[in-house]
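**Q** Just dropping this structure here.
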Amino acid sequence: MEALLRLRQIEIFRAVMIAGSVSEAARMLHVSQPVVSRVLRHAEASLGFPLFERGRGRLTPTPEAHTLFAQVGRAWREIERVDALAGNLRRGTSGLLRLAVTPSLAVTLLPSALTSMRESTPEIVLDLWASHTPEIEDHLLAFDVDVGVVIEPGAHVALMSAPLAGGEMLLAVPRAWEAAMAGLFTGDGPVPSTRWYAQWGEQPYIGLSEATALGERLAATLGAHGWPLRHSLSVQTYALAGTLVEHGLGYAFVDSFTAAGLNPRKVLLLRLENGIPFQLSMLRHVATPRSVLLARLEKSLLQAVDERRKLLWQHLSPWRLQMES
């Protein structure tokens with residue numbers, strides 16, 4: 001069914017009703033009087049009845065015009081809301097963002113990033129998913145989410161990966177071990193990893209139960225340097241591994257974002273020289289455009305990364321391990 005009135009005709013009609021004359025309506029809309037008169041005549045022709053009685057240079061609204069104007073007022077408020085929403089979307093101040101992150105990042109990096117993002121985009125609606133990297137890739141391929149934030153994503157022809165920031169794996173041990181370990185670290189330089197492992201490698205090791213690209217690279221690197229990993233406790237996330245270290249249940253290798261949030265009174269963090277760096281990345285489907293909201297999310301994540309790095313430097317032990325066989 002063809003519409004009787006176009007949006008432009010409704011706009012002109014509304015302006016004339018508010019302004020009371022063609023000349024004032026033209027001034028309100030920044031157009032010429034002939035344009036207003038022409039559009040108004042076309043609207044009346046489309047409707048099949050007059051909207052105004054014309055006499056002595058004046059326009060008097062008909063009863064039909066008054067009835068129509070009441071409905072136009074309600075509709076125009078909705079149009080203004082649509083226009084405001086479009087402006088917000090262009091500025092990135094509102095909209096829906098469906099975001100999937102790994103479970104550890106969901107409790108370490110994401111809260112700070114979202115706090116910053118909500119300050120600049122208070123009307124944004126967030127749909128948050130905490131999933132492991134393979135599941136995040138599946139969600140993106142199914143268009144269930146708009147963007148994923150992961151560590152060491154796999155390669156997929158339909159997914160686009162944008163590096164955000166680098167990180168590193170750290171050795172986290174219970175603070176209660178510090179006194180007994182002090183004999184290893186008598187100088188200023190790093191201690192060979194094999195020496196540490198020879199004395200402490202039989203202690204309970206807390207590792208990830210699921211194979212991930214980063215986990216496999218960690219195991220391969222440590223194995224190549226004489227440090228085989230034998231799980232005493234298997235967990236699903238680095239965040240849980242760190243929590244177990246806080247409770248003295250063993251040692252673990254955790255990502256630097258998780259490490260920064262561990263309690264320094266309960267956990268000792270050691271850097272691995274020539275160790276295991278990694279890349280934090282944003283993933284999206286190749287068919288998903290880079291929106292203003294995604295750009296704001298990236299900015300907020302980078303700010304959160306910077307905050308985590310500063311916190312990590314405060315918590316790092318001066319003790320270091322040298323990865324060598």
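**Q** Given the criteria more than 37 Å from the chain's Cα centre (by Cα) and not assigned by TED's automatic domain parsing to the domain that holds L297, does W227 qualify?
**A** No; evaluated as a whole, the condition is false for this residue.
**Q** Based on what the data block shows, is T243 touching a helix residue (DSSP H, G or I) at 6+ places or on another chain (Cβ under 6 Å), surrounded by 14 or more Cβ atoms within 10 Å (Cβ to Cβ) and either more than 23 Å from D188 (Cα to Cα) or in contact (Cβ under 8 Å) with a residue 40 or more places away in the chain (or both)?
**A** no
**Q** Now for a different question. I'm checking my understanding of the structure. Among residues of region 226-240 that are of a type outside the set (A, V, I, L, M) and free of Cβ contacts under 8 Å to residues at least 40 places away in the same chain, which one is surrounded by the most Cβ atoms within 10 Å (Cβ to Cβ)?
**A** Checking each candidate, the answer is W227.
**Q** Only one residue in E178, E216 is assigned to a helix (DSSP H, G or I), among the acidic types (D, E) and within 27 Å of the chain's Cα centre (by Cα). Which one?
**A** E216
**Q** Still on this model: Which residues, taken from region 285-303, are basic (K, R) and either in a strand (DSSP E or B) or closer than 19 Å to L128 by Cβ (or both)?
**A** R296, K299 - these are the residues of region 285-303 that are basic (K, R) and either in a strand (DSSP E or B) or closer than 19 Å to L128 by Cβ (or both).
**Q** Starting from region 309-324, keep only residues that are in the same structural domain as T194 (by TED's automatic domain parsing) and assigned to a helix (DSSP H, G or I), then list their pairs with residues that are at pLDDT below 95 and among the β-branched types (V, I, T) whose Cβ atoms are within a distance under 6 Å, requiring at least 6 positions of separation or different chains.
**A** Short answer, once both residue conditions are applied: none.
**Q** Given the criteria free of Cβ contacts under 8 Å to residues at least 60 places away in the same chain and assigned by TED's automatic domain parsing to the domain that holds I151, does P289 qualify?
**A** Criteria met by P289.
**Q** Within region 181-211, work out how many residues are assigned to a strand (DSSP E or B) and in contact with a Lys or Arg (Cβ under 8 Å, 6 or more places away or on another chain).
**A** Result for region 181-211: 2.
**Q** Just checking, does region 110-128 include any residue being over 22 Å from R308 (Cβ atoms), of a type outside the set (D, E) and assigned to a helix (DSSP H, G or I)?
**A** No; the residues of region 110-128 include none that is over 22 Å from R308 (Cβ atoms), of a type outside the set (D, E) and assigned to a helix (DSSP H, G or I).
**Q** Picking from G207, G223, G167, which residue would you name as being within 20 Å of A252 (Cβ to Cβ) and surrounded by fewer than 16 Cβ atoms within 10 Å (Cβ to Cβ)?
**A** The unique qualifying residue is G223.
**Q** In addition: Restricting attention to region 246-274, which residues are surrounded by fewer than 19 Cβ atoms within 10 Å (Cβ to Cβ), of a type outside the set (G, A, S) and not in a strand (DSSP E or B)?
**A** E246, H247, L249, N263, P264, R265, K266, N274
**Q** Same structure again: I'd like to verify a number: residues in region 94-109 that are under 16 Å from A239 (Cα atoms) and either assigned to a helix (DSSP H, G or I) or touching a strand residue (DSSP E or B) at 6+ places or on another chain (Cβ under 6 Å) (or both), how many?
**A** 8
**Q** Against the definition (touching a Lys or Arg at 6+ places or on another chain (Cβ under 6 Å) and assigned to a strand (DSSP E or B)), how does M169 come out, yes or no?
**A** The answer is no for M169.
**Q** For region 289-299, state whether one or more residues are at pLDDT below 90, more than 17 Å from the chain's Cα centre (by Cα) and surrounded by 14 or more Cβ atoms within 10 Å (Cβ to Cβ).
**A** No, region 289-299 contains no residue that is at pLDDT below 90, more than 17 Å from the chain's Cα centre (by Cα) and surrounded by 14 or more Cβ atoms within 10 Å (Cβ to Cβ).
**Q** Just the residues that are aromatic (F, W, Y) and farther than 11 Å from F13 by Cα, please, taken from region 42-73.
**A** Passing the criteria: only F49.
**Q** For region 133-164, what are the residues that are assigned to a loop (DSSP other than H, G, I, E, B) and buried (at least 17 other Cβ atoms within 10 Å of the Cβ)?
**A** Result: V145, D146, E152, P153.
The values are calculated or read from the model by the stated rules, or taken from the named source; none is laboratory data. Keep in mind the model is a prediction, meaning the values are calculated, not measured. Here the Cβ is made from the backbone with ideal geometry for all residues, glycine too, and neighbour counts use every protein chain on show.
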